[in-house]
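Undergrad: What follows is a single structure, and I will ask about it in a moment.
The values are calculated or read from the model by the stated rules, or taken from the named source; none is laboratory data. What you see is a predicted model, and the numbers here were worked out from it, not measured in a lab. Neighbour counts run over all protein chains shown; Cβ positions are idealised from the backbone, glycine included.
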Amino acid sequence: MSYIWQNFFIKQVVDAMKEHEIIICLGSSCFMRGNRQTTEIIKSYLTKNKISAKVPFRGQLCSSLCSKGPIVIIDRHTYENVTKESIIKLLDETLMT
């Protein structure tokens, strides 16, 4: 493989590793304990920061961590007891660094 192609593939791998993803638990416990509002806050945050097209955001059914919820997963890291007051700081720390 030529040097140019090697660098191209290395860049693709590094860029893929930098991509973010947000998954929010929409199971009944997390939803009723605050993730309904958190969902709207995350959507607004992504739009306001013009990153909604770059950061996939989706819900999932129960994460099986009901006693630790509300649950939000960012870049494969699970955050527990997420509140509408804590989500903005969490997004700033994980997405804007």
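Undergrad: Any idea how many residues of the stretch 65-97 are farther than 17 Å from G27 by Cα and of a type in the set (S, T, Y)?
TA: Counting residues in the stretch 65-97 that are farther than 17 Å from G27 by Cα and of a type in the set (S, T, Y) gives 3.
Undergrad: Every residue in the stretch 37-53 that is exposed (fewer than 15 other Cβ atoms within 10 Å of the Cβ) and either over 13 Å from I88 (Cα atoms) or among the polar types (S, T, N, Q) (or both), please.
TA: If the condition is that a residue be exposed (fewer than 15 other Cβ atoms within 10 Å of the Cβ) and either over 13 Å from I88 (Cα atoms) or among the polar types (S, T, N, Q) (or both), then Q37, S44, T47, N49, K50, A53 are the ones that fit.
Undergrad: For the stretch 7-27, name all the residues that are outside any loop (DSSP other than H, G, I, E, B) and either at pLDDT below 95 or in contact with a His (Cβ under 9 Å, 6 or more places away or on another chain) (or both). Can you show your working first?
TA: Taking the stretch 7-27 and keeping what is outside any loop (DSSP other than H, G, I, E, B), we get 7-18, 22-25.
Answer for the stretch 7-27, where residues must be outside any loop (DSSP other than H, G, I, E, B) and either at pLDDT below 95 or in contact with a His (Cβ under 9 Å, 6 or more places away or on another chain) (or both): N7, F8, F9, I10, K11, Q12, V13, V14, D15, A16, M17, K18.
Undergrad: Of all residues in the stretch 37-79, which are at pLDDT 95 or above and acidic (D, E)?
TA: Listed by number, the list holds a single entry, E40.
Undergrad: Sort out which residues of the stretch 54-90 are aliphatic (A, V, I, L, M), farther than 19 Å from M32 by Cβ and either exposed (fewer than 13 other Cβ atoms within 10 Å of the Cβ) or in contact with a helix residue (DSSP H, G or I) (Cβ under 8 Å, 6 or more places away or on another chain) (or both), and write them in order of number.
TA: Scanning the stretch 54-90 gives V55, I74, I88.
Undergrad: Can you work out which of the residues in the stretch 41-64 that are within 17 Å of C25 (Cβ to Cβ) and hydroxyl-bearing (S, T, Y) is nearest to the chain's Cα centre (by Cα)? Even if it seems obvious, please write down each step before you answer.
TA: Of the stretch 41-64, the ones within 17 Å of C25 (Cβ to Cβ) are 41-43, 56-64.
Cutting the leftovers down to hydroxyl-bearing (S, T, Y) gives us 63-64.
Details: S63: 14, S64: 18 Å.
Here the answer is S63.
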